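The block underneath contains the structure these notes are about, expressed in structure tokens.
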Amino acid sequence: MSLLPILCYPDPRLHKVAKPVQAVDARIKTLIADMFETMYDAKGIGLAATQVDVHERLIVIDTSEQRDQPLVLINPEIVWTSADKHVNEEGCLSVPGIYDGVERFDAVRVSALDGDGAARTIEAQGMLAVCVQHEMDHLLGKVFVEYLSPLKRDRIKTKMRKLQRAERS
Ligand code: K2U
Ligand code: ZN
């Protein structure tokens, strides 16, 4: 398994729209393993393929306390959303050190293929529901800071560019 580099905002590749996975083959299974290694190493609870510069509809998630309940969503589609929404504080491995409130559905139902290519439907509430919505935005080329005001977003872009310049020097 390998650690994969995570794209950092405002990298334009984060805004590419992912295409459906055509086959759950050896390439995809290796990518799934590498994405989990990368997510756990980065202390994340979710990671979308877009964030590692692979523009296919694939998400890995583990919201468990023990970090032992991996969830793979291939070609995920939200098929139901709750009536209620709430604002939750979100972060993103592609926007390190930035946290802010985003309104999401309290619960969602998602149909997807699992890591073996079998069709599944999952009901998500709480943090899992937030994470699923956050990751599915990534597959559409959307980063959570785009829900914030233009002023906040510009300040974040400036801060990220400074961080990246410092890392290069
Ligand atoms: O970058 C990512 O897509 C991983 C996200 C997933 C996530 C975002 C918002 C809310 C829940 C999950 C995070 O960066 S993982 C880091 C994290 C961990 C716990 C709570 C919030 C953020
Ligand atoms: Zn993110």
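The values are calculated or read from the model by the stated rules, or taken from the named source; none is laboratory data. Predicted model, so just to flag it, every value in this text is computed and none were measured. Quick reminder, even Gly has a Cβ in these numbers, built from the backbone with ideal geometry, and neighbours come from all protein chains shown. Just so you know, the surface numbers come from the protein's heavy atoms only, side chains and all, with ligands and any DNA or RNA stripped out. Shrake-Rupley method; radii C 1.70, N 1.55, O 1.52, S 1.80 Å.
In the stretch 12-33, what residues are open to solvent by 30 Å² or more (accessible area, probe 1.4 Å) and either within 14 Å of the chain's Cα centre (by Cα) or farther than 22 Å from residue 71 by Cα (or both)? Those that are open to solvent by 30 Å² or more (accessible area, probe 1.4 Å) and either within 14 Å of the chain's Cα centre (by Cα) or farther than 22 Å from residue 71 by Cα (or both): 12, 13, 15, 16, 17.
Do we find that residue 144 is among the aromatic types (Phe, Trp, Tyr) and closer than 22 Å to residue 19 by Cα in this structure? Considered against the rule, which asks whether it is among the aromatic types (Phe, Trp, Tyr) and closer than 22 Å to residue 19 by Cα, residue 144 comes out as yes. Only strands (runs of 3 or more DSSP E) whose full extent lies in the stretch 1-119 are considered here, and the ones with at least 1 residues that are in contact with a Pro (Cβ under 8 Å, 6 or more places away or on another chain) are 58-61, 71-81, 107-113. The single condition among (1) closer than 19 Å to residue 82 by Cβ; (2) within 15 Å of ligand 1 (Cβ to nearest atom); (3) surrounded by 17 or more Cβ atoms within 10 Å (Cβ to Cβ) that residue 112 does not meet is (2).
Restricted to the stretch 126-152, and to residues there that are part of a helix (DSSP H, G or I) and open to solvent by 60 Å² or more (accessible area, probe 1.4 Å), the residue that is nearest to ligand 1 (Cβ to nearest atom) is 127. The set of residues in the stretch 70-80 being within 15 Å of ligand 2 (Cβ to nearest atom) and surrounded by fewer than 19 Cβ atoms within 10 Å (Cβ to Cβ) is empty.
Taking each residue of the stretch 86-99 that is more than 14 Å from residue 163 (Cβ to Cβ) and within 12 Å of ligand 2 (Cβ to nearest atom) and looking for partners that are of a type in the set (D, E, K, R) and open to solvent by less than 50 Å² (accessible area, probe 1.4 Å) with beta-carbon atoms closer than 7 Å, six or more apart or interchain, yields 90/100; 99/90. Just give me the residues in the stretch 115-124 being at negative phi and surrounded by 13 or more Cβ atoms within 10 Å (Cβ to Cβ), in sequence order. Selection gives 115, 120, 122, 124.
Among the residues of this structure, residue 148 does not count as one that is under 13 Å from the mean Cα position of the chain (by Cα), within 25 Å of residue 9 (Cβ to Cβ) and modelled with pLDDT of 95 or more.
This table checks each residue for (1) near ligand 1 (Cβ under 9 Å from one of its atoms); (2) under 30 Å from residue 155 (Cα atoms); (3) surrounded by fewer than 16 Cβ atoms within 10 Å (Cβ to Cβ).
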{"residue": "54", "(1), (2), (3)": "no, yes, no"}
{"residue": "60", "(1), (2), (3)": "no, yes, no"}
{"residue": "65", "(1), (2), (3)": "no, no, yes"}
{"residue": "68", "(1), (2), (3)": "no, no, yes"}
{"residue": "82", "(1), (2), (3)": "no, no, yes"}
{"residue": "95", "(1), (2), (3)": "yes, yes, no"}
{"residue": "108", "(1), (2), (3)": "no, no, no"}
